[in-house]
Amino acid sequence: MASLDTTISGSNPLGPMTLPRLVIAGTASGVGKTLVSIGLERAYARMGLKIQPYKVGPDYIDPGYHQLACGQRARNLDSWLLSPEAVQELFSHSGSGADLAIIEGVMGLYDGKIRDVSGEGDGASQYELSPPGSAAHVAKLLSCPVILLIDARRLSASAGAYALGFREYDREVNLVGTIITQVGSSRHYQEIKRAVEQGAGLPVLGCIPRDAALHIPERYLGLVPAEEQWQGVAADSGTVTAKSGVVDVFWNRLDEAIETGLELKRILELAKTAPALSAYKPRLFNSNIKPHKVRLGVAKDAAFNFYYEDNLELLAHLGAELVCFSPLQDQALPPGIHGLYLGGGFPEIFIKELSRKQCLHEDIREAARQGMPIYAECGGLIYLSQGLEAADGSFYPLAGIVPGKARLQKKRQALGYVQARAVRDNILASAGEQLTGHRFHWSTLTEFPADTPRAYEVSAHNQEAPRLEGYAKDNVLASYIHLHFGANIKWAERYMDFCAGYERSIFCGRK
């Protein structure tokens, strides 16, 4: 590989921040955003740059591939769940000390949470070109140059019209170039390159060939998690071990495609054109916070790996010592913990193994009886239920804390952002408090007794009326909703208060 000028300016997390950065966006889903993003991260990491990867939106799977590519934990940037100030703080905090930030977009460049905003004067509504939650909105918030991926399948000169439309749609988006994916031949690429550069006035920065080896396996929630493709994705390190030679072929082929097909020097120079970000006042990582000292058990393995990395870091900032354990492998909870965090994932894929851990289930039930704060999201909710009914009708018992049984359905049951109102006091929020979150699941929880204490009243754009959801009793809170603590740090603070209260009760001998 030719050597590049990799001189990078420094950064100050509390002052103006100069960090070269790019958004890798697409015309739609499935055009190769993850592939190109992780390929660039690997290429620049091998040059000696420290890469900080990001993913726009509420995605828990793609970040695992980013970590594999460059050894750094990826962060989510969601401008619907988070305020503009929170997006900037989380980006600047995690990007401090990095040489280059690569932000993978979500869906198409302008796809986000569509809404109408009030116009001026006559009160008429005004359509948002780059709505919250979109890659374009995040790019504008963080003043990022954007590279647009165009899928070449079934296209030639019409790619110029695609590029021109995306460039003109919102001129406040700094679209600096394009990359062509799924190219069939050199001639095919040259036809598209000419159309995009002459018709849209955008530079083409290279191409990725059509290659079956450059395929990441998919499942009903998106890509198959990296934790299932590679062994040893440790909770506390970036070390990984390939399961087979197949993944080595993938990475080798991707490296070759990136190094031979893309103009890496030119792309890096475009990243360096990003202006300095303004100084900010820390609201989430506030140094004035007096942290608790508690040990928090976090389920982390191939079955449970859907976590916002910033959630874990915010909990640690508030004083939690994160103690990771594996519901797939461990027979008991970690000793001396004062709270339990069960994230999302694919428990249904590993249901036989999970169901056999009856000693661990009893440990969790006893912890709940003792009043340990237990917070569960989506897959964690399934795990705390009475059990899961498989497609063949087989039933697999689980922790048995939440009334009701889980059943995997043949079609998606929920997808999208939601607003929720706490029905009763719980370990994150007081009764009546409003929360914002995201749901994406194919299972349902059924056979709830009529007197089950539900957690939230949930409103979603495709519902005619709010519906009750989740479970909240004593110090247990379980729901299909994924929350980002950056949306309201008080949720995490309240959780830590409950964990600290439990720790004090143990110390005083009441448990």
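Computed from the coordinates by the stated procedures, all read-outs in this text should not be read as laboratory data. Every value quoted in this text rests on a predicted model; they were computed, and no experiment measured them. Neighbour counts run over all protein chains shown; Cβ positions are idealised from the backbone, glycine included.
Couple of notes before you dig in:
- Scalar couplings 3J(HN,Hα) for region 56-73, obtained by applying the Karplus form with A = 6.51, B = -1.76, C = 1.60 to θ = phi - 60°, are 6, x, x, 10, 10, 9, 3, x, x, 6, 4, 5, 4, 6, 10, x, 10, 5 Hz; x denotes Gly and Pro.
- Estimated distance in nm for a label pair at Arg467 and Arg295, the labels positioned 7 Å out from Cα along Cα-to-Cβ: 4.0
- When the Cα atoms of region 294-507 are aligned to their principal axes, the ranges along those axes come out at 46, 38, 32 Å in descending order.
- Over region 51-117, the Kirkwood radius and the radius of gyration, each from Cα atoms, give a ratio Rg/Rh of 0.99.
- Ordering of 155-161, 17-23 by packing is 17-23, 155-161, highest average first (other Cβ atoms within 10 Å, averaged per residue).
- In sequence order, region 315-325 has phi-based couplings of 4, 5, 4, 7, x, 7, 8, 7, 10, 7, 9 Hz under the Karplus curve 6.51 cos²θ - 1.76 cosθ + 1.60, θ = phi - 60°, and Gly or Pro positions carry x.
- Kirkwood Rh (inverse of mean 1/r, distinct Cα pairs), region 276-382, angstrom: 15.0
- Between Ser505 and Asn288, the simple spin-label model (points 7 angstrom out along Cα→Cβ) gives 3.2 nm.
- Per-residue Cβ neighbour counts within 10 Å put Cys378, Cys207 in the sequence Cys207, Cys378, beginning with the fewest.
- Here is the P(r) of region 254-294: all C-alpha pair distances, binned every 5 Å from 0, give 5, 15, 11, 11, 9, 9, 9, 11, 11, 8, 1 in whole percents.
- Remark: region 13-54 is approximated by an ellipsoid whose semi-axes, taken from the C-alpha gyration tensor as √(5λ), come to 23, 16, 6 Å, largest first.
- Cut-off 12 Å, label 7 Å out along Cα→Cβ of Glu269, residues of region 166-205 by amide N: none
- Among residues other than Arg295 with Cβ under 12 Å from its Cβ, the summed charge is -1 (Lys and Arg +1, Asp and Glu -1).
- Summary of packing: across the peptides 54-60, 91-97, 271-277, the per-residue average of other C-beta atoms within 10 Å ranks them, highest first, as 54-60, 91-97, 271-277.
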